[in-house]
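The values are calculated or read from the model by the stated rules, or taken from the named source; none is laboratory data. The shown structure was predicted, so the numbers you read here are calculated from the model rather than taken from an experiment. Virtual Cβ from ideal backbone geometry, glycine too; neighbours counted across all protein chains shown. Just the protein is used for accessible areas: all its heavy atoms, side chains included, with ligands, DNA and RNA removed. Shrake-Rupley method; radii C 1.70, N 1.55, O 1.52, S 1.80 Å.
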Amino acid sequence: QVQLVESGGGVVQAGGSLRLSCAASGRTSSGYAMSWFRQAPGKERELVAAITWGGGTTYYVDSVKGRFTISRDNANNMVYLQMNSLKPEDTAVYHCAADYTGSVSYIPMDRDEYDYWGQGTQVTVSS
């Protein structure tokens with residue numbers, strides 16, 4: 001079992017920045033793809049960013065390209081989401097997710113593929 005705990009959320013003015021962190025614990029091993037999802041009220045949970053185990057391939061939803069950066073530190077079981085130039089429409093609960101793929105290069109694109117989820121951290125961007 002793997003436990004994921006997010007931190008770093010808060011309230012920020014439009015144009016500001018936040019850095020989200022996700023700490024993994026438990027029976028961790030190599031081969032996990034890591035992602036950030038978000039869910040705003042009345043909307044479906046959305047894949048925001050993802051990174052392969054090897055870190056060589058990333059994915060970003062079009063609305064955050066150029067503003068968000070996902071990274072990971074496998075030695076310390078951490079994944080991060082740096083969010084710059086935040087907009088009110090970025091307001092949501094952000095969840096860290098992990099999926100054991102056994103691959104250094106595969107990114108799961110469907111939320112149903114992910115095995116582990118954090119409880120989420122609230123990000124609120126004021127106009």
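Mind listing the long-range amide H neighbours of residue 3? Cut-off is under 5 Å, sequence gap 5 or more, other chains count too, H placed in the peptide plane at 1.01 Å from N.
Answer set, sorted by chain and number: 25, 26, 27.
First check a/c for the range 24-67, with a ≥ b ≥ c the square roots of the eigenvalues of its C-alpha gyration tensor; if it is under 1.5, answer rounded, and if not, answer prolate when a/b is larger than b/c or oblate otherwise.
Because a/c hits 1.5 or more and a/b fails to exceed b/c, the range 24-67 counts as oblate.
What accessible area per residue, rounded to a whole number of Å², is obtained for the chain using a probe radius of 1.4 Å?
50 Å²
Under the definition of Cα pairs under 8 Å and six or more residues apart, what whole-number percent is the relative contact order of the range 23-127?
Over the range 23-127, the number comes to 31 percent.
With the full set of protein chains in place, find how many percent of the accessible area of the chain is carbon and sulfur; take the probe as 1.4 Å.
Here carbon and sulfur together make up 46 percent of the probe-accessible area.
For residue 126 and residue 23, what does the FRET efficiency come to when R0 = 35 Å and r is the distance between their Cβ atoms, rounded to the nearest 0.05?
FRET efficiency, residue 126 to residue 23: 0.80.
Check each of the trypsin sites (Lys or Arg not before Pro) in the range 1-76 and keep only those in coil by DSSP with at most 10 other C-beta atoms within 10 angstrom; list them in order.
Taking the range 1-76 and a limit of 10 other Cβ atoms within 10 Å, the loop trypsin sites (Lys or Arg not before Pro) found are 27, 43, 65.
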